[in-house]
Amino acid sequence: MKSYVITIMDNDKSIIAADRCISTAKRNANIDVEVFKAITPKNNPQKRFKDLGLTTKNFDEKYSKSINAMAAFLSHYTLWTMSVKDNEDYIIFEHDAVIDSKIPTIGYSGAITFSQPSYGKYNTPMFIGVGPLTQKNYFGGAHGYIVTPKGAKLIVEAAKKYAAPTDVYLNMNLFPWLQESYPWSCRADDTFSTIQRENGCLAKHNYKDGYEYLV
């Protein structure tokens, strides 16, 4: 199993947050996490979407900046394709992830979130361990989850028609086999966003005065 944290390499706040993710993963879950260089708007995500044959229609929405959300999606998409190529399970973190305890290593298949939702209303699972996705109909944030090669392949294939901001793309309508582990092992500790507009950040549980909207 390989583990990566998506990191914006020319953003000091992202690097500091990613370093925290790496250290908490090692200290609290005994996981060695590697930095994955994020795809950003500077990398022309519109062209990459076109070259990959991915739909862009679901990125025109009021909560996030479309180009930034597309770039973030491509970072996850690239890791999904790497999981398929390597034929290996991947743990994927976003830079604001903080790992508080061990994450599941058995009992899952396809894709599983082990993270507490970072925004909006959500359901708390009534089970302990691995079960069906319960927190929402989709991942309540893509800050910490696992994909298997089989699951990643299905997720990659569906993106041609259904690509969308990463967390809502990983939903039960498209992928009814999505799972969740509880108690949650990971949470988002965010003080800035490079993706959401202000109205998208208002629903974030960590939102408060001083929250920053970065390019």
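At-a-glance table
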| quantity | calculated |
| --- | --- |
| Sole residue being at pLDDT 95 or above, over 22 Å from Y90 (Cα atoms) and of a type in the set (S, T, Y), chosen from T113, T124, T134, T194 | T124 |
| Flag if Y108 is in a loop (DSSP other than H, G, I, E, B) and of a type in the set (F, W, Y) | yes |
| Qualifying residue in the stretch 16-35 (condition: outside any helix (DSSP H, G or I), hydroxyl-bearing (S, T, Y), touching a strand residue (DSSP E or B) at 6+ places or on another chain (Cβ under 8 Å) and closer than 23 Å to C186 by Cα) | no |
| Residue check, G151 of a type outside the set (D, E, K, R), touching a Ser or Thr at 6+ places or on another chain (Cβ under 8 Å) and touching a residue at least 60 places away in the same chain (Cβ under 8 Å) | no |
| Residue match in the stretch 62-84 (condition: at pLDDT 95 or above and more than 18 Å from the chain's Cα centre (by Cα)) | no |
| Residue list for the stretch 125-149, restricted to those being over 18 Å from D167 (Cβ atoms) and among the β-branched types (V, I, T) | I128, V130, T148 |
| Criterion violated by P104 - all others in (1) more than 19 Å from A29 (Cβ to Cβ); (2) surrounded by fewer than 24 Cβ atoms within 10 Å (Cβ to Cβ); (3) modelled with pLDDT under 95 satisfied | (1) |
| Within the stretch 43-93, tally of residues that are part of a loop (DSSP other than H, G, I, E, B) and within 20 Å of A152 (Cα to Cα) | 7 |
| Out of T81, T113, T134, sole residue that is β-branched (V, I, T) and within 18 Å of V33 (Cβ to Cβ) | T113 |
| In the stretch 128-165, residue surrounded by the fewest Cβ atoms within 10 Å (Cβ to Cβ) [restricted to those that are aromatic (F, W, Y) and within 16 Å of the chain's Cα centre (by Cα)] | Y138 |
| Pair list, Cβ < 7 Å and 6+ apart or interchain, from the stretch 44-72 residues that are acidic (D, E) to residues that are crowded, with 16+ Cβ neighbours inside 10 Å and at pLDDT below 95 | D60/S66 |
| Set K13, K50: member being out of contact with any Asp or Glu (no Cβ under 7 Å at 6 or more places or on another chain) and exposed (fewer than 14 other Cβ atoms within 10 Å of the Cβ) | K50 |
| Answer residue from the stretch 142-192, given it is in a strand (DSSP E or B) and of a type in the set (D, E, K, R) and is farthest from S109 (Cα to Cα) among those | R187 |
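Yes/no per residue for (1) within 17 Å of G140 (Cβ to Cβ); (2) touching a residue at least 40 places away in the same chain (Cβ under 8 Å); (3) polar (S, T, N, Q):
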residue	(1), (2), (3)
N87	no, yes, yes
D96	yes, yes, no
I99	yes, yes, no
G107	no, no, no
K121	yes, no, no
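The values are calculated or read from the model by the stated rules, or taken from the named source; none is laboratory data. Note that the coordinates shown come from a computational prediction; the quantities given were computed from them, not determined experimentally. All Cβ positions, even for glycine, are placed from backbone atoms using ideal geometry, and neighbour counts span all protein chains on display.
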